[in-house]
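Structure, as structure tokens:
The values are calculated or read from the model by the stated rules, or taken from the named source; none is laboratory data. All figures in this text were calculated on a predicted structure; none of them were measured in a lab. With ideal geometry, Cβ positions are generated from the backbone for all residues, glycine too; neighbour counts draw on all protein chains shown. Keep in mind that these areas ignore ligands, DNA and RNA; they rest on the heavy atoms of the full protein, side chains included. Shrake-Rupley method; radii C 1.70, N 1.55, O 1.52, S 1.80 Å.
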Amino acid sequence: KYSSNQKKVRYLATTSLAEYYYNNKNYKLAVSNYKKIIGNREDEWLTKNLYNYGWCLLKTHKFDDAINRLEDSYKMSSNEYYIDMREQVINSLVSFYVYGKQIERGIAFINKHATDKHASLLKLAQKASGKGYFVETERIIADLENRINPKKELSLYTDMRLFQFDL
């Protein structure tokens, strides 16, 4: 209320409030504050804000919106202006796709955007199997069997085979 004519101060205060509520697991209040700040394309921390906002949306069971925000964060992270959150985002997206029951969407996104497609797909398969999506898991693994070269990616190939034995 004291920053009515000071846009930057208001923005920073709202960002701080969003982070405060996020860190204190008050996700509904965090969501309402993140909504106010994610439109600011001039903030180099936008990718982090989108990431945190996505987690808040997931915690409030808004799975589609949560996935959208993390996908946005991932794509924007390739722009040098923004903080690069790609590794952290892709690891979280794997879980989001499974929780949101959107494994096919996850496969498509990973194949199109991920830096390390094979490792990300294996993580998606592992997460999906843990939640009982065995048909999707087997399809991902069958695809990876054709794509992973054991001579070039021995460690990943070994991880995939060990996962298959566990499965």
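Observations, loosely collected:
- Considering residues of the stretch 105-120 that are of a type in the set (A, V, I, L, M, F, W, C) and closer than 18 Å to Gln88 by Cβ only, the residue farthest from the chain's Cα centre (by Cα): Ala119
- The listed residue being open to solvent by 10 Å² or more (accessible area, probe 1.4 Å), on the phi > 0 side of the Ramachandran plot, of a type outside the set (S, T, N, Q) and modelled with pLDDT of 95 or more, out of Lys25, Lys59, Lys35, Lys75: Lys25
- Residue in the stretch 126-144 that is under 22 Å from Leu50 (Cβ atoms) and either charged (D, E, K, R) or open to solvent by 70 Å² or more (accessible area, probe 1.4 Å) (or both) present: yes
- You will find that of Tyr97, Tyr51, the residue that is of a type outside the set (A, V, I, L, M), in a helix (DSSP H, G or I) and in contact (Cβ under 8 Å) with a residue 40 or more places away in the chain is Tyr51 and no other.
- Unmet criterion (only one of (1) open to solvent by less than 60 Å² (accessible area, probe 1.4 Å); (2) within 14 Å of the chain's Cα centre (by Cα); (3) aromatic (Phe, Trp, Tyr)) for Tyr82: (2)
- Val9 meets each of the listed conditions (1) modelled with pLDDT of 95 or more; (2) part of a helix (DSSP H, G or I); (3) not hydroxyl-bearing (Ser, Thr, Tyr) apart from (1).
- Residue satisfying all of: in the stretch 62-72; under 11 Å from the mean Cα position of the chain (by Cα) and either farther than 20 Å from Gln102 by Cβ or of a type outside the set (S, T, N, Q) (or both); surrounded by the fewest Cβ atoms within 10 Å (Cβ to Cβ) among these: Asp72
- Within the span defined as the stretch 31-39, one or more residues are assigned to a helix (DSSP H, G or I) and within 19 Å of Gly100 (Cα to Cα).
- In the stretch 152-165, of all residues being over 26 Å from the mean Cα position of the chain (by Cα) and in a helix (DSSP H, G or I), the one that is farthest from Gly132 (Cα to Cα) corresponds to Leu154.
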